[in-house]
Structure formats: structure tokens, C-alpha cells
Amino acid sequence: MKRILILLGIATSLLGVRLGFFLVDGTNDTIESILIWVIFALSALICTYVILEITDFKIFIKENTNSVVVFCTIITLDILFVIVNQIPIDLVYPFSLIFTAFVISLLLSFLPRKWNSAMTYTVLTLTAIYVFGQDFFRNIFNDFFILKDFLTIREGIEFSESSYSFKFFHVLIVLIYFVSVFIVYYMKSGYNNNVVKIGWRKSLLLPVILFTLVNINATYPPKTARMYLSDHYVYTSLYSKEKFVSKFSTVNLFIRDFTGLLIPDFSYKKDVEYIEEYYEENTKLHFDNEYTGIYKDKNLIFILGESFDSLAVSEELTPNIYKLKTEGLDFINHYTPVFPRTTCDTEIIVNTSIIPSLIDGPTCYVYNDNSYNNSLANAFNLSGYNTNALHNNEKEFYTRHIVYDGLGYDSFYGQDEVDLNETTKRFDSEFFLHSKDIVVQDEKFFTMMITLSGHSPYTNTNIAVKEHYDTVDQFYGDSIPEDIKNFIASQIELDIMVGEILDDLAINGELDNTVIILTNDHYPYMIEKEIYDEYKGYDEKYQRNKGVMYIWSTDTEHAVIETLSSSFDILPTINNLFDLGMDYESYVGIDVFDDSAKSIVYFKDFAIFDGVHYIELDSTKKEFQEKIEEARLYYELCRKLLKTDFYS
């Protein structure tokens with residue numbers, strides 16, 4: 001024990017030297033790096049010594065097969081997961097993983113024999129399912145799910161067809177699980193409560209030592225004002241689930257997530273005070289420009305194209321969308337960042353220009369009762385417009401029937417309200433034909449249309465793909481990948497719908513008085529990532545969020561807008577174009593045409609893009625600190641805006 005305490009004292013002293021002399025000004029990075037590795041080596045030595053040399057723990061390991069199996073299974077699956085998913089691990093990772101796995105194993109040993117056996121099987125099963133689920137989710141969304149995401153499980157199941165991609169890792173998970181269960185089942189002596197023999201103090205010794213090692217090897221910020229650079233901030237805020245896993249392990253993500261569900265939140269008053277103080281200290285000015293009010297009192301049809309992507313645009317196959325692009329305003333540096341709840345979150349962003357929920361669960365469920373007096377619909381309501389939103393799926397999907405009421409729309413129409421069945425709803429052309437009397441009205445109107453045909457799967461099981469595949473195949477032949485052809489075929493319906501809208505506006509005499517905006521809800525993430533990236537010429541993952549936005553009217557002079565923009569900028573830009581008179585200060589985004597403002601793209605992992613640099617929250621580069629701080633405040637602000645329902 002004395003040797004352990006001496007080694008711990010040395011490691012802690014070295015940490016003190018590092019914190020006291022090197023973090024403050026960042027000088028002599030080489031010496032600091034040496035200190036970090038020396039601390040890590042000492043920590044590894046301590047950990048090894050405790051496990052191999054202390055007799056009491058040898059007895060514990062020898063006589064508690066169940067706990068040992070659980071410990072080894074958690075360690076093995078977690079390490080395999082980070083290797084398979086190419087997650088770079090931090091120096092604190094091994095200690096955090098060992099600490100978590102040992103605490104779970106130790107807790108099992110405290111249980112009576114009957115409960116120990118049942119809980120052992122439960123822990124093994126949950127671990128295998130959780131690792132499998134995270135790998136499956138990450139393969140599609142390049143992210144990790146949280147438990148509150150199960151609120152949207154119905155939505156996920158409905159469109160999960162063809163989403164599974166076989167991986168040998170999944171076979172390994174199943175194999176490891178059954179081997180572990182086999183060992184537990186056939187080792188009848190797998191339980192022996194040694195807590196009494198060893199004593200509570202000694203039983204808790206290793207967890208205390210491991211917890212100390214976790215903190216000794218953690219990253220600390222150079223200044224208290226930059227606490228977001230610390231590992232402790234990563235743990236408490238859960239702002240980046242990938243960084244969390246790289247530091248604390250996958251199984252720890254589950255524990256952190258689960259315990260977060262159990263702890264009540266009493267921060268309402270403080271959150272409101274924070275919001276009010278933020279707006280007092282941070283002003284956002286807007287200056288009129290050449291585009292201010294050019295569409296004042298005109299109608300607006302806003303189309304949110306399901307999974308739409310510029311790769312589908314061609315004069316031959318999508319002539320109507322091509323018309324919007326080449327005759328209207330073409331935003332070639334527009335980004336549609338994918339947030340955890342994909343389409344639902346993009347709808348929140350477009351309608352409110354605030355960052356949707358990232359930590360507290362799906363915005364469309366956890367906060368579906370919220371109201372937004374500064375929303376896009378309410379901006380048009382205040383200017384005397386009729387405001388309607390439509391979607392060719394059930395209106396209960398993502399609880400839109402509740403969400404859109406809070407967003408201020410006069411009405412929301414789903415497939416039943418416009419008389420679409422399970423077949424016709426998959427065709428955007430049918431969607432408009434069944435709803436055109438709602439979309440185009442006699443009085444001033446703003447209509448939002450959320451399409452469906454472009455949704456996965458991109459195979460012939462998608463009837464929209466099957467309907468138009470031959471046309472696409474005849475045009476492209478074997479010159480492009482099959483996945484891309486299937487995707488383009490799914491988007492033909494959107495083009496037909498746009499053509500029908502243009503024709504109907506002309507028939508009703510509203511063509512010259514109506515603006516059409518087309519953007520996407522997210523990139524087609526169900527296309528194989530390697531195929532998509534190669535076809536688009538992308539080298540970085542964030543580039544997949546490159547979106548589209550076209551703004552068209554008969555009197556709009558064509559222009560290619562090279563200014564950086566994102567989904568967050570849509571509302572304030574529309575506010576300027578239609579001169580709606582809303583307060584720009586309440587929006588995260590900017591008016592793209594205001595030269596005094598610069599757009600920032602916000603991503604779900606708390607990273608940002610300024611048009612040149614992709615900047616992560618924990619970047620230490622001095623030239624990025626002002627932008628990082630601005631972004632960090634916005635992420636925190638928007639979370640509190642949602643929690644307090646501030647704009648109700």
C-alpha cells in the first residue's frame with residue numbers, strides 16, 4: 001500500500017507541476033508533453049501493481065467468475081468498438097474504461113447469489129445490445145444516440161428498411177456475448193461474496209485509486225474562462241459524444257446518459273436570468289441592403305425537399321428544379337447541417353433559427369409544447385398572411401401536429417387531411433395534386449411543404465425510385481453508381497411537383513406574385529458514405545452537410561450567391577427579403593445579404609464552420625477563440641431557450 005501511495009503522490013505532484021508552470025501560458029510544450037506521458041506511465045504502473053500484486057484482489061478475481069466475465073466482456077467490446085469505428089482514444093480512456101468496468105463488476109459481487117446471477121445476464125445482454133446499437137447508429141449518422149432518442153424509435157423503424165449493413169464486428173459482438181453467457185452458466189461456482197472476507201474498505205480501494213488516476217490523466221484548461229477545454233466539461237456537458245467516448249468509453253456514455261435521466265432539473269430561474277443577461281450584453285445589428293423588401297407582400301411557397309441534393313439537378317431530368325437554380329438566386333455555399341433528429345431538427349432550425357436540442361432529447365418530443373413568437377410563421381402572421389404547413393406523411397409523425405401549432409401556423413395538414421393513402425403519399429406529385437387548394441390561396445399566403453419521395457431506401461422497394469428508375473438509367477447508363485441512380489430517381493417526383501406548382505400558380509394568376517424557395521432537410525445519408533463522398537468529391541465528413549437553396553420568382557434576376565449560408569440563416573434572410581419586421585437579435589443566423597454580418601455553420605458536435613475553417617470546440621488556436629466563444633454561448637443559450645420555453 002505504501003508503494004501505491006508513493007507512486008500516486010509522485011504522479012499527483014507531476015500534475016501539480018504541469019498545472020502550475022505550463023498550462024498558464026502554454027510555454028515549453030515539449031516538457032509538458034513529457035510530463036503528461038510520465039504521469040500516464042506512472043498511472044499504468046499503479047494500476048498494474050494493484051491488480052497483480054495485492055493478494056486480496058487476486059482472491060476476488062479467482063473466486064468471482066461472474067464479475068470477471070462481466071469485466072472482461074465490457075473491456076473487450078468497448079475496445080473493439082473504438083478500434084472498428086476508428087475513434088482516436090485519449091490517455092484518460094484506459095483508466096476510465098477499467099474504472100467503469102470494475103465498479104460494475106464490484107457492484108455485482110455485492111448482490112446476493114440469486115440476484116447476482118440475474119443481474120450478470122442483464123449486464124452482459126445490455127452491454128452487447130448497446131454496443132451493437134451504437135455501431136449501427138454510427139454507421140448511418142456518424143454519431144452516437146442517447147436514450148431519449150428512443151422517443152423517435154417509431155420514426156426510425158418506419159424508414160429503417162435497407163439501412164442495415166453487415167459488419168464482421170457484429171458477428172464478434174454476438175460471439176463474445178454467447179461465450180460470456182456460456183461461461184457464466186456453466187461455472188456454477190461463479191459467485192462467491194468476498195466483500196465480507198476482504199472488507200468494505202479494501203473492496204473500495206481499487207475504484208478509489210482508479211478514479212484518482214482518471215482525474216490525474218484528464219485534460220485541464222489553461223484558464224478558468226475556457227473550462228470547455230477540460231475533460232470534465234466533456235463529461236458534464238456531453239457536448240460531443242464522440243469526444244466523450246474517446247475519453248471515457250462507450251459503456252460510460254450509457255451510464256452518463258442513464259443517470260442524466262434520473263436527475264431532476266431545477267434550473268429554470270437561473271436559465272431565464274442567463275438568457276436575459278445574454279441579450280443585454282450581446283447585441284446584433286442589421287443593416288438594410290439591396291435585397292431588403294424586394295418580395296414585400298408577395299406569397300411564399302417554401303419547399304423542404306426530403307434528402308434533396310445538388311447531384312440530382314440536371315436540365316434533362318429535373319428541368320423545373322433546374323429552372324429555379326438557373327433563373328433565381330443560387331446559394332452555392334449553403335450548408336444544411338444534420339442534427340440528431342435529422343428532418344425534424346431542420347424544421348426547427350428553419351422555423352426558429354435556433355439550435356435544436358442536442359443533450360436533452362428530441363426537440364420534436366421533449367419540447368413539442370414550446371411556442372415561438374419569433375418564428376417564421378408568426379412573422380408572416382403579423383404581416384397578414386395565411387400560414388399553412390403540409391407533409392405527405394401522418395401529421396403525428398415527429399408530433400408535427402403539436403410542434404407546428406407552437407410554431408404559429410394556422411393549420412398543419414398530413415396525409416389523411418389531404419386524402420393520401422400509403423401508396424400515393426410516396427409520390428410528391430400526388431401530394432401537390434391532393435393539396436393544391438391549400439398550397440395556393442386567393443389571399444396572401446405562406447405555405448411550407450415537406451416532401452417525402454426522396455426518402456430512403458434507394459432501391460426498387462421505394463416505389464418512387466421504381467417509377468422513375470428507367471428514365472434515369474437510360475440517361476446515365478453505367479456512367480454513375482447504381483446507388484446514385486436510385487437516389488436521382490427518387491428525386492424526379494420533387495421536380496414534377498415543382499412543375500405542377502408553377503403551372504397551378506400560372507392558372508390562378510399568382511405566378512408573378514409568388515416566391516418559391518427550395519432547400520433540403522439533410523444530405524442523403526442512406527447512400528453508402530464512400531460512394532457518396534467519392535461522387536461528390538468530398539475529403540472531410542463535414543462537407544457532407546453542403547446543402548442547396550434556390551430562391552425564385554419571375555422578377556428575380558439570376559445571381560450566384562457565393563456568401564456562406566446555412567439553415568440557420570434562412571429565417572432572418574426571409575425576414576429581410578419580405579421586410580417582415582422581426583427582431584434579428586433573437587436569431588442564431590444572419591441575413592445573408594447583410595455585408596456587416598458573417599455566417600457561421602453550427603454542427604451537432606458543437607463544431608463550427610466559418611467558410612474556410614472547420615473549428616472544433618476544443619481547438620486551442622488563438623485565431624479561433626473569439627468564434628469558439630461566440631459559438632459556445634449560442635449553444636448554451638439555445639439549450640436554455642428550449643428548456644424555459646422563452647419565446648412562448
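The values are calculated or read from the model by the stated rules, or taken from the named source; none is laboratory data. All of these numbers come straight from a predicted model, not from anything done at the bench. Every residue, glycine as well, gets a Cβ built from its backbone with ideal geometry; the counts of neighbours run over all protein chains shown. Surface areas here come from the heavy atoms of the whole protein model, side chains and all, with no ligands, DNA or RNA. Shrake-Rupley method; radii C 1.70, N 1.55, O 1.52, S 1.80 Å.
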What Rg and what Dmax come out for the chain when only alpha-carbon atoms are used, in angstroms?
27.8, 90
For Asp288 and Phe211, extending 7 Å from Cα along the Cα-Cβ vector and measuring point to point gives, in nm, a value of 6.3 nm
Heavy-atom accessible area per residue of region 437-537, all protein chains kept, 1.4 Å probe, expressed in Å², is 38 Å²
How many percent of the alpha carbon pairs in region 426-562 exceed a separation of 19 Å?
59 percent
Tilt relative to the chain, helix 482-507 - C-alpha long axis, 0 to 90 degrees, to 10:
40 degrees
In degrees, nearest 10, the alpha-carbon axis of helix 113-141 is tilted away from the dominant principal axis of the alpha carbons of the chain by 40 degrees
Dividing the mean separation of Cα pairs under 8 Å (6+ apart) by the residue count of region 365-427 yields a relative contact order in percent of 38 percent
Angle, helix 625-644 long axis vs. longest principal axis of the chain, Cα atoms, 0 to 90°, nearest 10?
80 degrees
Which chymotrypsin sites (Phe, Trp or Tyr not before Pro) in region 248-290 pass both tests, a DSSP loop state and at most 13 other beta-carbon atoms within 10 Å?
Phe266, Phe287
How would Glu422, Glu636, Glu306 line up by accessible area, probe 1.4 Å, largest first?
Glu422, Glu636, Glu306
What does the highest-first list of 208-214, 585-591 look like by mean Cβ count within 10 Å?
585-591, 208-214
Can you compute 3J(HN,Hα) from phi for each residue in region 430-446, using the Karplus curve 6.51 cos²θ - 1.76 cosθ + 1.60 with θ = phi - 60°, rounded to whole Hz and x for Gly and Pro?
5, 3, 5, 4, 7, 10, 4, 6, 8, 5, 9, 10, 6, 9, 3, 9, 10
Just to be sure I understand: of the beta bridges DSSP finds with both ends in the chain, what percent are antiparallel, rounded to 5?
30 percent
Roughly how much of His558 is accessible, in Å² to the nearest 10, using a 1.4 Å probe?
90 Å²
Rounded to two decimals, the Rg over Rh value of region 401-445 from Cα coordinates and the Kirkwood Rh reads 1.01
I'd like the carbon and sulfur percentage of the solvent accessible area for the chain, probe radius 1.4 Å, heavy atoms only, ligands and nucleic acids excluded.
57 percent
Proximal charge balance of Pro572 [Cβ under 11 Å; K/R count +1, D/E count -1]:
-4
Which of the listed residues, Ser310, Ile39, Asn333, is farthest toward the dipole's positive end in the chain, when Lys, Arg count +1 and Asp, Glu count -1 at the beta-carbon?
Ile39
Rounded to the nearest angstrom and ordered from largest down, what semi-axes does the equivalent ellipsoid of region 282-383 get from its C-alpha gyration tensor (root of 5λ)?
27, 22, 14
With an 8 Å cut-off on Cα pairs and a minimum separation of 6 or more residues, tell me the relative contact order of the chain in percent.
18 percent
Exposure rank, largest accessible area first [Lys296, Lys598, Lys167; 1.4 Å]
Lys598, Lys296, Lys167
Could you calculate the FRET efficiency of Arg3 with Ser596 from 1/(1 + (r/R0)^6), where r is the beta carbon distance between them and R0 is 51 Å, rounded to 0.05?
0.20
D_trans [Stokes-Einstein, Kirkwood Rh over alpha-carbon pairs] for region 305-449, 25 °C, 0.890 mPa s, µm² s⁻¹
147 µm²/s
How many Å² of accessible area per residue for region 305-400, probe 1.4 Å?
23 Å²
How many percent of the alpha carbon pairs in region 491-648 exceed a separation of 23 Å?
53 percent
Once the piece of chain linking Thr620 and Ile255 is laid out straight, how much longer is it, given 0.36 nm per residue of separation minus the C-alpha distance between them?
128.5 nm
Length gained, Ile531-Leu107, 0.36 nm per residue minus C-alpha separation, equals 148.0 nm
Too long for a 22 Å Cα-Cα cut-off, among Lys167/Lys529; Lys395/Lys436; Lys323/Lys546; Lys604/Lys640; Lys436/Lys485, are Lys436/Lys485
